[in-house]
Amino acid sequence: MQLLLLVIGFGTVLAGYVHPEQIHLSWTEEINQMRVTWVTYLNVPAQAAYRPILCGNVPTPSNFTLINGETKKFHEGSHFWEYQHIHTAVFNNLDSNCWYEYKVKNLGVWSKTYMFNGRTPDTNATFRDVNNPFSLVIFGDWGTGPNGQYTKHLLGEETLTRDYLGILHMGDIGYNLDSDDGKVGDTYLNMVESIAATYPYMTLPGNHEKANNFTHYKARFNMPNNGANQGTNYFYSFNLGPAHFIMYNTNPYFDDMNTTADADLETQWIANDLALANKQRDIRPWIITLAHHPLYCSQDWSNEDSIEDCGEQPAVLKPIFEDLFYSNSVDLALQAHVHIYERDAPIYKNETIPSQYDSQNMHINPNAPVYIVGGAAGNRLGTNVPASKTPQPWARFLSNDYGYGRLTVFNKTHMLWEQFSVLQLTEIDYVWIIKDQARYKPVLLN
Ligand SMILES: [Fe+2]
């Protein structure tokens, strides 16, 4: 009897160490691919299985296709035994008209089955899905504390019912991925698994990922690679329908981030990427940038953090990025870091730039980027930053509520941003960005 209990106990412990956890998806740099990443605590063979479903008249195959994963060992804690094994597998040849079921496996232990949309970014020059609207969930600064649970609750409900294409997290992930020898990062990635295993969970680094040269950020995520980022997940871009998205890393522009990331290399990559995007502006007119630290937010002069986040740090970033974004006709600059929601008008050099038509919730043919701060998903610091008592003239809407944004690109002319409060369980703000005229004017060389 004792032997039986011992065997059962050992089996239970072993299953805990080989059971797949922290499952999350991400798009790759290739078209029609999806990568799944997950963790076990013992180094055991990794496999994944998938099959198309809901492909119109095409019948669902009865069998899953089995593929082998790759595994890397990651020392997540300060003690020699605190290793985890991070597995990845790539689903290839996806059909954008299908949904897919998938599951992952280690040593015979299967995860639950998840489902994702087969529509992936088009990284090629060809243009697809021009009349196919899509939505993304976008936020920054999301952790495991009580405040993060509000977002987890509503976002969990939303993702069950709504057809998003993906989730974009603008840094400060889990507070902190490395804390408590990595256990906080493990807890966070398990907390978001049901969401991040259902939608590609695309990230960029915030200042809270800085420990040990962003080691946990680089190890736990797998973002699209490019020639300049060298597999760091720091900056990349992708196309969805008529929109080009640039996810970039603001940390190397600040001395106290102690990062080996090369700021000049990144700036040059962004400039090149914008130039390439502008060559295809006729077929892909929207350009949207996302980063952690803001270029614009309203300072609260009674709050030291606000003075730093909305004053000192933007003063570092503006000389690098503002003219780059303005001259390349970026439409929307999404930002985080400040634990607040603030939507601003089109801005250039600290001035509101009139559009062809402006109202509280609409800009038609804007002449400068619209700036939005969405850093209110639920930080670890207890409360969000109070809305500034001295909002700038370009500020259009501020809220302290925890929440997240939704961006819907309808077509080449209409884009809608919405902000949801996870406390009030409702939408609290929106803005239409509409354009039927190209703002970008190529510089003609002699
Ligand atoms: Fe931050």
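The values are calculated or read from the model by the stated rules, or taken from the named source; none is laboratory data. Worth saying up front: this structure is predicted, and the values here are computed from it rather than measured. Here the Cβ positions follow ideal geometry from the backbone for every residue, glycine too, while neighbour counts run over all protein chains shown. All accessible areas refer to the heavy atoms of the entire protein, side chains included, with ligands and DNA or RNA removed. Shrake-Rupley method; radii C 1.70, N 1.55, O 1.52, S 1.80 Å.
Brief remarks on what is shown
Listed here are the residues, each with its yes/no results for (1) touching a strand residue (DSSP E or B) at 6+ places or on another chain (Cβ under 6 Å); (2) closer than 22 Å to residue 311 by Cα; (3) assigned to a strand (DSSP E or B).
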position: 334; (1), (2), (3): yes, yes, yes
position: 338; (1), (2), (3): yes, yes, no
position: 344; (1), (2), (3): yes, yes, yes
position: 363; (1), (2), (3): yes, no, yes
position: 386; (1), (2), (3): no, yes, no
position: 398; (1), (2), (3): yes, yes, yes
position: 418; (1), (2), (3): yes, no, yes
position: 423; (1), (2), (3): no, no, no
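- Boolean, residue 376 is within 24 Å of residue 315 (Cβ to Cβ), in contact with a strand residue (DSSP E or B) (Cβ under 8 Å, 6 or more places away or on another chain) and at pLDDT 95 or above: no
- Here residue 217 does not fit the description of being assigned to a loop (DSSP other than H, G, I, E, B), of a type in the set (Phe, Trp, Tyr) and in contact with a strand residue (DSSP E or B) (Cβ under 8 Å, 6 or more places away or on another chain).
The rows are residues; the columns are (1) open to solvent by less than 10 Å² (accessible area, probe 1.4 Å); (2) outside the structural domain of residue 323 (by TED's automatic domain parsing); (3) of a type in the set (Asp, Glu); (4) more than 16 Å from the ligand (Cβ to nearest atom).
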position	(1), (2), (3), (4)
358	no, no, yes, yes
373	yes, no, no, no
396	no, no, no, yes
429	yes, no, yes, yes
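Listed here are the residues, each with its yes/no results for (1) polar (S, T, N, Q); (2) part of a loop (DSSP other than H, G, I, E, B); (3) modelled with pLDDT under 90; (4) not assigned by TED's automatic domain parsing to the domain that holds residue 69.
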| position | (1), (2), (3), (4) |
| --- | --- |
| 9 | no, no, yes, no |
| 13 | no, no, yes, no |
| 25 | no, no, no, no |
| 39 | no, no, no, no |
| 43 | yes, yes, no, no |
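- Among the residues listed as 344, 262, 273, the single one being away from the ligand (no atom under 16 Å from the Cβ) and open to solvent by 30 Å² or more (accessible area, probe 1.4 Å): 262
- Unique match (being within 16 Å of the ligand (Cβ to nearest atom), open to solvent by less than 20 Å² (accessible area, probe 1.4 Å) and either of a type in the set (Val, Ile, Thr) or touching a residue at least 12 places away in the same chain (Cβ under 8 Å) (or both)) among 139, 74: 139
- Residues that are within 12 Å of the ligand (Cβ to nearest atom) and among the hydrophobic types (A, V, I, L, M, F, W, C) within the stretch 168-210 comprise 170, 173, 204, listed in sequence order.
- Verdict on residue 148 being in a helix (DSSP H, G or I), open to solvent by less than 10 Å² (accessible area, probe 1.4 Å) and either assigned by TED's automatic domain parsing to the domain that holds residue 54 or within 16 Å of the ligand (Cβ to nearest atom) (or both): yes
- Residues that are part of a loop (DSSP other than H, G, I, E, B) and open to solvent by less than 30 Å² (accessible area, probe 1.4 Å) within the stretch 375-384 comprise 375, 376, 377, 379, 384, listed in sequence order.
- When every residue of the stretch 113-124 is checked against the conditions, at least one turns out to be among the hydroxyl-bearing types (Ser, Thr, Tyr), surrounded by fewer than 17 Cβ atoms within 10 Å (Cβ to Cβ), at pLDDT 95 or above and closer than 21 Å to residue 39 by Cα.
- Residue check, residue 308 at pLDDT below 95, open to solvent by 20 Å² or more (accessible area, probe 1.4 Å) and more than 20 Å from the chain's Cα centre (by Cα): yes
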